[in-house]
Amino acid sequence: MLLAKLIEYKVLLTILAFILVLVNCDESSVKPSFGEASGTINGLKNCPRCNKGPRKNFNPRCCGRAVSDYFQNDQFEKMFSNRNSLEAHAKGFWDYHSFITASAHFQPYGFGTTYINWNFMGTKEIAAFLAHVGTKTSCGHKVATKEQLAWGLCYNKEMNSNSDYCNEHYKNAYPCASGVAYYGRGALPIYWNYNYGEAGKDLKVDLLNHPEYIEQNSTLAFQVAIWRWMKPIKEHQPSAHDVFIGYWTPTKNDTIAKRVSGFGATMNVLYGDLLCGKGDNESMNNIISHYLYYLDLMGVGREEAGPHDVLSCAKQVVFNPSYSSSP
């Protein structure tokens with residue numbers, strides 16, 4: 001009887017300890033379930049782990065948790081519920097496991113894992129990133145359906161491209177391979193030989209000579225997309241990741257140009273004046289609609305998205321002219 005009581009007591013203590021960890025995870029440290037980055041990616045810095053201790057010792061920017069801790073397969077399936085339909089051009093290509101595997105490569109740099117001043121930004125960031133993915137790979141506009149926001153990941157490459165996207169200005173650093181076209185590929189498509197060369201160098205894959213690898217491997221297709229999200233287009237400029245989580249500090253000139261941290265600025269970074277600085281337009285509002293829808297599916301709620309000037313880039317002066325911003 002005494003032995004049974006001791007065992008019961010130990011089990012109770014274990015349960016209580018586990019509950020305390022869950023309750024305090026946002027108030028102390030969150031030990032990441034990812035390791036240090038294997039190798040480095042040019043221009044990206046490891047995000048410091050969230051330290052234990054009182055708040056006064058807390059780093060304003062730190063990282064913890066893993067994307068798979070809060071983003072589950074059923075949420076992925078709801079977001080992209082029509083990706084394997086008969087109308088989809090990449091049927092059977094995309095899956096949740098490939099996204100989680102790809103995201104793990106960038107988690108040490110803060111992708112989906114960042115805390116800013118004790119606020120966890122990861123859930124919103126995944127919704128924001130996937131909103132761009134869902135929009136850029138959607139075939140919803142070609143399908144007569146009420147579920148326009150559920151047609152993301154319909155494609156894994158640009159269809160019927162008439163351009164090889166070879167820029168000879170970069171022929172020394174990233175010479176175009178014979179017979180190869182650098183049209184849009186991936187979950188957040190990249191274009192041009194220099195982008196394939198840069199991505200391939202960072203991911204240690206020969207994409208310059210074999211861009212087709214992206215449309216043959218869904219994990220790589222997601223990795224290239226996250227690479228585009230995490231990397232600044234130009235030196236001394238922020239990435240989409242930076243402007244979204246608030247790690248970027250706008251200068252006086254940015255304020256004059258009406259550039260503020262938030263979802264709208266991610267469109268500015270990624271698409272420039274193809275979307276931004278043109279007032280409200282259908283393409284921009286479509287991306288915003290995907291973001292709000294995904295926030296709801298992830299249990300955050302669209303009311304957490306912020307005011308319209310944070311969501312939109314309608315009035316923002318662009319970081320780069322259209323020639324510098326790939327579509």
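The values are calculated or read from the model by the stated rules, or taken from the named source; none is laboratory data. What you see is a predicted model; the values in this text were computed from it and never measured. When we count neighbours, we look across all protein chains shown, and the Cβ atoms used for this are built from the backbone with ideal geometry, even at glycine. SASA here: full protein model, heavy atoms, side chains in, ligands and nucleic acids out. Shrake-Rupley method; radii C 1.70, N 1.55, O 1.52, S 1.80 Å.
At-a-glance table
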item	result
Looking only at the stretch 237-256, and only at residues there that are open to solvent by less than 10 Å² (accessible area, probe 1.4 Å) and among the aliphatic types (A, V, I, L, M), the one that is nearest to Gly112 (Cα to Cα)	Ile245
Every pair of residues 6+ apart whose Cβ atoms lie under 7 Å, when the first sits in the stretch 161-186 and is assigned to a helix (DSSP H, G or I) while the second is surrounded by 11 or more Cβ atoms within 10 Å (Cβ to Cβ) and aromatic (Phe, Trp, Tyr)	Tyr170/Tyr194
Helices (runs of 4 or more DSSP H) wholly inside the stretch 49-153 containing at least 2 residues that are modelled with pLDDT under 95 and closer than 26 Å to Met284 by Cβ	none
In the stretch 83-100, the residues that are of a type in the set (S, T, N, Q) and closer than 10 Å to Ser218 by Cα	Ser98
Residues located in the stretch 278-301, provided they are within 18 Å of Ser81 (Cβ to Cβ), open to solvent by 40 Å² or more (accessible area, probe 1.4 Å), of a type outside the set (Asp, Glu) and in a helix (DSSP H, G or I)	Asn286, Ser289, Tyr293, Leu297
Filter pass, Cys25 being surrounded by 13 or more Cβ atoms within 10 Å (Cβ to Cβ) and either β-branched (Val, Ile, Thr) or modelled with pLDDT of 75 or more (or both)	no
Positions within the stretch 203-223 being assigned to a helix (DSSP H, G or I) and open to solvent by 10 Å² or more (accessible area, probe 1.4 Å), in sequence order	Leu203, Glu212, Tyr213, Glu215, Ser218, Thr219, Leu220, Gln223
Among (1) under 15 Å from the mean Cα position of the chain (by Cα); (2) open to solvent by less than 10 Å² (accessible area, probe 1.4 Å); (3) more than 28 Å from Asn46 (Cα to Cα), the one test that Cys313 misses	(1)
Check on Asn162, modelled with pLDDT of 95 or more and open to solvent by 70 Å² or more (accessible area, probe 1.4 Å)	no
